[in-house]
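The values are calculated or read from the model by the stated rules, or taken from the named source; none is laboratory data. Here the structure is a predicted model, which is why all the values come from computation and not from measurement. Please note: Cβ atoms are built from the backbone with ideal geometry, for glycine as well, and neighbour counts cover all protein chains shown. Surface accessibility is based on the protein's heavy atoms, side chains included, excluding ligands, DNA and RNA. Shrake-Rupley method; radii C 1.70, N 1.55, O 1.52, S 1.80 Å.
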Amino acid sequence: MPCDVAKRQYCGGTWQGIISRLDYIQNMGFTAIWISPVTAQLNETTALGEAYHGYWQQNIFALNSHFGNIGDLQALATALHARNMSLMVDVVVNHFGWAGDGSTHDFSKMYPFGDRTYYHPYCEITTQDYRSDQTAVEQCWLGDDIVSLPDIDTTATSVRQTYDQWIRSLVSVFGVDGLRIDTVRHVEKSFWSDFNAAAGVYTLGEVFDGDITYTCPYQEQLHGLLNYPLYYSLTKTFEDASSNTTLLAAAITTIQDSCRDPTLLATFSENHDNPRFLSQRNDLNAQMNVIVFTILAGGIPIIYQGQEQGFSGGNDPANREALWDSGYSTKTPLYMLIASVNQVRNHEVFASPKYPTASTSVIYTDDHHIALQKGNIVSLYSNEGSNGTSSDITLENTGFQANRPIVEILTCRNSTTDSNGNLRVTVQEGLPQVFYSSAAVRSLGICFL
Ligand code: ABC
Ligand code: CA
């Protein structure tokens, strides 16, 4: 029976299930997966459903039995490592979960923080607080009256020590390669440096805010951040054919100038908290631009499960469609697009060790188009959508040598740079394009060169 996401219940996803579908993921060119939090959750069925997403933990030293047992999670890490792939686990330190409002809380149900002294006194984070009261953002509680999220007093030395010890053992027991850290903005910055060191692996913080000046400073404590500022510019640009791509160009440049290491930020265009792109604009060609941009803009690309199947759910929980209901086709246009673009990117990472840390240059913009160059890959985007008109564009500063054969890898069309290394191209139907030298494409075994 298909998973009815509106019920907000466990639908059957398990770590063993992921193991059985690693070919599907790896054949798209991915080298790592990010999984939901693994800790034991509240058991109740609430008016907001079950803790199927894993963000309502009650015991950080036990696993969520709905997803599997210790052996299953270890087997997932082992299976990934055997493929030379990595495991990123989502972790929450800001809060636990309670099936009730802030006044009914029974702290003894929480482990190891089983006493009220481990928590900040109840208060609610309001919408205004996000802009004006950082103390409230850090010390008040997320959640609502149905499921409150008791806020841990992360300033206490004993709490910090427990968390550091916990993360050290989680990483080593399960062979974790990276962490996605939830609710980073809700914990004081001074918590994160020690936690980051204790983790000892790449950390990717969630600071859910589009403001670069607010978000970037968290990269002083953690290796990377989900690039929310870029997410908003990206989706705004491609959701609406009347928006101007120069805004996206400005965002790329400002983020590069403001964040400590923009190449360690994660570029994404969908996730489990925001409406999927196709729910905002039902245009496959626009979504193709978004996906190619996500992979090639620089930073660490993340594709949210189901993007490759063209899922189109709106706000949480509609955006949490079960992947198994898709039938796992590897022939959808977006699956094949992702596989091709990842193949080029992976080749470039392999062939040119400097690629991951190279900065991204915006080499062209007009109202509806933007072109990027990073390493030896040039990509060109249009926000016109499938009704877009035909435009001829000359790309300069491509980094390509003069008079060289170049392939557009999504159509396998050949062209040649001019005596200045410039490339004359035609955009049609609002489709994205990816240019790579013919010599490199030949070694990829695509486009039958
Ligand atoms: C449940 C239901 C929802 C219902 C909600 C009230 O309760 O499922 O349908 O609407 C988990 C579950 C959710 C669940 C929540 C609450 O818990 O997954 O399904 O919602 O019980 C992380 C995770 C997220 C998780 C939690 C909690 C945290 O990714 O899945 O949710 O562990 C805030 C937090 C952020 C959190 C997010 C959901 O809420 O900061 O960590 N995500 C503003 C604020 C943000 C805020 C956001 C949403 O609103 O700045 O901090 O995120 O409330 C831009 C601005 C942004 C602004 C956005 C909306 O607009 O630049 O600053 O974000 O322009
Ligand atoms: Ca907090």
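Miscellaneous remarks
- Rounded to the nearest 10 degrees, the inclination of helix 70-82 to the longest alpha-carbon principal axis of the chain is 20 degrees.
- Cα centroid separation, region 239-274 to region 373-449 (Å): 22
- Environment charge at LEU423 (Cβ cut-off 12 Å; Lys +1, Arg +1, Asp -1, Glu -1): -1
- Here's the list of aspartates and glutamates a cross-link from LYS109 could span, going by alpha-carbon distance under 14 Å and ignoring same-chain residues fewer than 8 apart: GLU44.
- Near the amide H of THR245, within less than 5 Å, lie the amide hydrogens of HIS368, HIS369, all on another chain or at least 5 residues away, with H placed in the peptide plane.
- The chain: angle of helix 228-239 to the longest principal axis, Cα-based, in degrees nearest 10: 50
- Secondary-structure-derived ellipticity at 222 nm for the chain, considering helices only, amounts to -8500 deg cm²/dmol, per-run term -39500 (n - 2.57) for DSSP H runs with n ≥ 4.
- Radius 15 Å from Cβ of LEU444, net charge of other residues (Lys, Arg +1; Asp, Glu -1): 0
- Here's the picture: charge each Lys and Arg Cβ at +1 and each Asp and Glu Cβ at -1 in the chain, and of PHE400, VAL147, ALA318 the one pushed furthest to the positive end of that dipole is PHE400.
- Dipole magnitude for the chain: computed about the Cα centre from +1 point charges on Lys and Arg Cβ and -1 point charges on Asp and Glu Cβ, it is near 1500 debye.
- Derived scalar couplings between HN and Hα for region 249-266 equal 4, 5, 4, 4, 5, 5, 4, 5, 7, 9, 8, 4, 9, x, 6, 9, 7, 9 Hz in order, rounded to whole Hz, by the Karplus curve 6.51 cos²θ - 1.76 cosθ + 1.60 (θ = phi - 60°), x for Gly and Pro.
- Largest to smallest principal axis extent of the C-alpha atoms in the chain, angstrom: 73, 45, 38
- About the Cα centre, charge dipole magnitude for region 80-217 (Lys/Arg +1, Asp/Glu -1 at Cβ), debye: 580
- Distances between placed amide hydrogens fall under 5 Å for THR39 paired with ASN64, all partners being 5 or more residues away or on another chain.
- Degrees, to the nearest 10: 284-296 long Cα axis against longest axis of the chain: 80
- Within-12-Å neighbourhood charge of THR394 [Cβ basis; K, R +1; D, E -1]: -3
- Note on PHE400: accessible area is roughly 30 Å² with a 1.4 Å probe, heavy atoms of protein only.
- Mean Cβ neighbour count within 10 Å, used as a protection proxy, ranking 194-200, 222-228, 340-346, 120-126 highest first: 222-228, 340-346, 194-200, 120-126
- Using the Karplus relation 6.51 cos²θ - 1.76 cosθ + 1.60 with θ = phi - 60°, the per-residue 3J(HN,Hα) values for region 157-168 come to 4, 5, 5, 4, 5, 4, 5, 5, 5, 4, 5, 4 Hz, with x marking Gly and Pro.
- Scanning residues 5 or more positions from GLY205 or on other chains, those with amide H under 5 Å from its amide H are ILE181, GLY224, LEU225, LEU226, with H placed 1.01 Å from N in the peptide plane.
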